[in-house]
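Below is one structure; the comments refer to it alone.
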Amino acid sequence: MTKQTGNVADRTETPEKRLEQLGLELPPLRPPVGSYVSCVRTGNLLFTAGQGVDEYHGKLGRDLTIKEGYKAAQQSMLNLLSVVKNELGELSKVKRIVKVLGMVNSTEDFTEQPAVMNGASDLLGKVFGEKGKHGRSAVGMAQLPNNTAIEIEMILEVEDEEESS
């Protein structure tokens, strides 16, 4: 039986089904653009490398609106969730989103980085419910690789190897 609440995460069984219900799908994995790996697991923690976006380029406060930045943050989080699913096999092995760091390509006078990063945080809440509540930093950057609008990385608590077998 499912709870009937306004939160999508309470009405469906898996994070993947919640994404589907939201009309979203995980994109293909983006290859690393340097000498690093997309994520590292140590014990029951998973650390992701930063993920930018291919669709949104330029600076918030000049080239992009807050609404476009919000969408860019959501897309960046979908890219991260693709990495997590590839590593774990299924998103239901995520026990908790611990920390999110959002780097927003911004003009010097742009101060709405938290509003932009809500695109990622809101998505995590819809997909993971209580498990998606996390600590977060949202900072402005003078520039990001390939002039991407945003780059996000995160730390997750995941099921122990023994729990997932």
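The values are calculated or read from the model by the stated rules, or taken from the named source; none is laboratory data. All figures in this text were calculated on a predicted structure; none of them were measured in a lab. Neighbour counts are summed over all protein chains in view; Cβ atoms, including those assigned to glycine, are modelled from backbone coordinates with ideal geometry. Quick note on the areas: whole protein, heavy atoms, side chains included, nothing else; ligands and nucleic acids left out. Shrake-Rupley method; radii C 1.70, N 1.55, O 1.52, S 1.80 Å.
Below is a table of values for the structure above.
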{"read-out": "FRET E, pair THR14, ARG41, Förster distance 22 Å, beta-carbon r, rounded to 0.05", "value": "0.60"}
{"read-out": "Fraction of antiparallel bridges per DSSP, the chain only, in percent to nearest 5", "value": "65"}
{"read-out": "0 to 90° range, to nearest 10: angle between helix 66-88 axis and the chain longest Cα axis", "value": "40"}
{"read-out": "Mean separation of Cα contacts under 8 Å, 6 or more apart, over the residue count of segment 44-119: relative contact order %", "value": "45"}
{"read-out": "Under 13 Å, Cβ to Cβ, from GLN143 - net charge with Lys/Arg +1 and Asp/Glu -1", "value": "-1"}
{"read-out": "Carbon plus sulfur fraction of accessible area for segment 66-154, probe 1.4 Å, in percent", "value": "47"}
{"read-out": "Shape category assigned to segment 91-130 from the gyration tensor of Cα positions, a/c cut at 1.5", "value": "prolate"}
{"read-out": "Environment charge at VAL37 (Cβ cut-off 14 Å; Lys +1, Arg +1, Asp -1, Glu -1)", "value": "0"}
{"read-out": "All-pairs alpha carbon distance profile, the chain, 5 Å steps from 0, percent", "value": "2, 9, 19, 21, 20, 15, 9, 4, 1, 0, 0"}
{"read-out": "Between helix 113-128 and the chain: long-axis angle, C-alpha atoms, 0 to 90°, nearest 10", "value": "10"}
{"read-out": "Relative contact order of the chain, pairs being alpha-carbon contacts under 8 Å that are 6 or more residues apart, as %", "value": "32"}
{"read-out": "Accessible area (Å², per residue) of the chain, counting only protein heavy atoms and a probe of 1.4 Å", "value": "52"}
{"read-out": "Segment 30-125 - Rg (one decimal) and Dmax (whole number), Cα, Å", "value": "14.1, 42"}
{"read-out": "Cross-link table LYS67/LYS131; LYS85/LYS131; LYS59/LYS99; LYS93/LYS126; LYS59/LYS131, entries beyond 22 Å C-alpha to C-alpha", "value": "LYS67/LYS131; LYS59/LYS99; LYS59/LYS131"}
